[in-house]
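S.K.: Dumping the structure here so I can ask a few things about it.
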Amino acid sequence: MTEPRILVDADACPVKEEIYKVAFRYAAPVTVVSNTPLRVPDHELIERVVVSDGFDAADDFIADRADETTIVVTADILLADRCLKAGAVVIAPNGKPFTADMIGGAIATRSIMADLRAGAGGLGEAGGGPPPFAKKDRSRFLSALDEALTRIKRRAR
């Protein structure tokens, strides 16, 4: 088994700076995947990959590289499901882990909410989106990422 690495679904990720800090501490390579060029630190551990703006291009790139040595950071439930099936650890930017036990329910809820939004004429009357990103989310994310890197490093030994 090789050392852990981090794949970031980066276009709307609010915790990129936190990812870099933790990655530097663990000497874990990070691949920042986006549809548009993003600024990343000029560092040997950080790789920026800009994929096409095609539907699911970033998701496909990430899912194709996810395995048991990978931590994927994403808020995308369908991408999380694909990565979990590949054996990756998946963490949402708010620090909540995606697990095999909860992903089916999350996908079902996502589908129901999409149907409700469509039934509301696309006016956003159903739901309203996730709660605003809070300081506790950032703290929970840092803890979850630290724990995941430690767990994968232990398994590699």
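The values are calculated or read from the model by the stated rules, or taken from the named source; none is laboratory data. In this text the structure is predicted, and so the values were computed from the model without any measurement. Cβ atoms come from the backbone with ideal geometry, glycine included; neighbour counts cover every protein chain shown.
S.K.: Going by the structure shown, is Glu3 in contact (Cβ under 8 Å) with a residue 60 or more places away in the chain, under 22 Å from Phe133 (Cβ atoms) and of a type outside the set (S, T, N, Q)?
M.R.: No.
S.K.: Something else now. Among the candidates Ile107, Ile103, Ile62, single out the residue that is surrounded by 17 or more Cβ atoms within 10 Å (Cβ to Cβ), touching an Asp or Glu at 6+ places or on another chain (Cβ under 8 Å), at pLDDT below 95 and part of a helix (DSSP H, G or I).
M.R.: Ile103
S.K.: For the range 55-88, which residues satisfy the criterion of being under 9 Å from the mean Cα position of the chain (by Cα) and not β-branched (Val, Ile, Thr)?
M.R.: Ala75, Asp76, Leu79, Ala80, listed by residue number.
S.K.: Further question: What's the total number of residues in the range 1-21 that are modelled with pLDDT under 95 and among the β-branched types (Val, Ile, Thr)?
M.R.: Number of matching residues: 1.
S.K.: Across the range 19-40, which residue is surrounded by the most Cβ atoms within 10 Å (Cβ to Cβ) among those that are of a type outside the set (Ser, Thr, Tyr) and part of a loop (DSSP other than H, G, I, E, B)?
M.R.: Filtering the range 19-40 for residues that are of a type outside the set (Ser, Thr, Tyr) and part of a loop (DSSP other than H, G, I, E, B), the one surrounded by the most Cβ atoms within 10 Å (Cβ to Cβ) comes out as Ala28.
S.K.: Further question on the same structure: Looking at Val89 and the list (1) within 17 Å of Phe141 (Cβ to Cβ); (2) at pLDDT 95 or above; (3) touching a Leu at 6+ places or on another chain (Cβ under 8 Å), which single condition is not satisfied?
M.R.: Of everything listed in (1) within 17 Å of Phe141 (Cβ to Cβ); (2) at pLDDT 95 or above; (3) touching a Leu at 6+ places or on another chain (Cβ under 8 Å), Val89 misses just condition (3).
S.K.: When you check Glu44 against the structure, is it closer than 26 Å to Arg155 by Cβ, exposed (fewer than 14 other Cβ atoms within 10 Å of the Cβ), modelled with pLDDT under 95 and not hydrophobic (A, V, I, L, M, F, W, C), yes or no?
M.R.: no
S.K.: Next up: Across the range 78-100, what is the number of residues that are buried (at least 17 other Cβ atoms within 10 Å of the Cβ) and part of a helix (DSSP H, G or I)?
M.R.: 6
S.K.: Name every residue in the range 41-67 that is of a type outside the set (A, V, I, L, M) and in contact (Cβ under 8 Å) with a residue 24 or more places away in the chain, in order of residue number.
M.R.: Asp59, Phe61, Arg65
S.K.: Let me ask you something else. So which residues in the range 1-18 are in a loop (DSSP other than H, G, I, E, B) and touching a strand residue (DSSP E or B) at 6+ places or on another chain (Cβ under 8 Å), if there are any at all?
M.R.: Pro4, Ala10, Asp11, Cys13, Val15
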